[in-house]
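The values are calculated or read from the model by the stated rules, or taken from the named source; none is laboratory data. As the structure is a computational prediction, the values presented were derived from the model and not from experiment. Reconstructed Cβ throughout: ideal geometry from the backbone, glycine too, with neighbour counts over all protein chains shown.
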Amino acid sequence: MADDPQIVEGQRVLGVVPGLPPVGLEKVPERQKLVFVWPNLLVRHAVAALFILLLVLAISLVFNAPLKEIANPAVTPNPEKAPWYFVGLQELLALLHPMIAGVLLPGLLVGGLMVLPYIDRNPSKKAKCRKVAIWLFSLFLGAWIIATIIGFAFRGEDWGWVWPWIEWHGEL
């Protein structure tokens, strides 16, 4: 373990830099080719995290959150919508029988995703060679995004169809 070039004095290594040194042509010792996780990688991650935090903070200060009145457990709002990640499934449940939309379609989808590597047996990792996988995934993702947008923007009272540019106040 001590003669392993990837482990030096109990520290982890981010990677090994190949090639010649930037100045001169002398052989650089193996120890100087190592790029350590600290501070090289972790400082970059910390700076990126702070940038994203400041960006989200700036957006939250500029735009107000679309909050409603305090929740009342005695009164259910109409329409009651699921969180954004389930609105596509809620849209399917509104259109199809619950057994089909809630059990059969998600089960077939998960089963299809499990079988997909056996259907698309191309060993290449390049995107231009993986047409079947890319088309199937794009089709699924596009359908799910469309169902989510319809559920959020086009559904009103009693889950009826509402155009988002026509303002409604509980009456259609």
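Things worth noting here:
- Single residue of the range 147-172 satisfying the filter (charged (D, E, K, R) and surrounded by 12 or more Cβ atoms within 10 Å (Cβ to Cβ)) that is modelled with the highest pLDDT: Arg155
- Tally of residues being free of Cβ contacts under 8 Å to residues at least 12 places away in the same chain and within 17 Å of Gly151 (Cα to Cα) across the range 98-111: 1
- The residue of the range 112-127 that is nearest to Ala147 (Cα to Cα), among those that are under 22 Å from the mean Cα position of the chain (by Cα) and of a type outside the set (A, V, I, L, M), is Gly112.
- Which listed residue is loosely packed, with under 13 Cβ neighbours inside 10 Å, of a type in the set (Lys, Arg) and part of a helix (DSSP H, G or I), from Lys68, Lys128: Lys128
- Unique match (being touching a residue at least 60 places away in the same chain (Cβ under 8 Å) and at positive phi) among Trp84, Trp159: Trp159
- Which numbered condition Ile59 misses (of (1) within 24 Å of Trp159 (Cβ to Cβ); (2) part of a helix (DSSP H, G or I)): (1)
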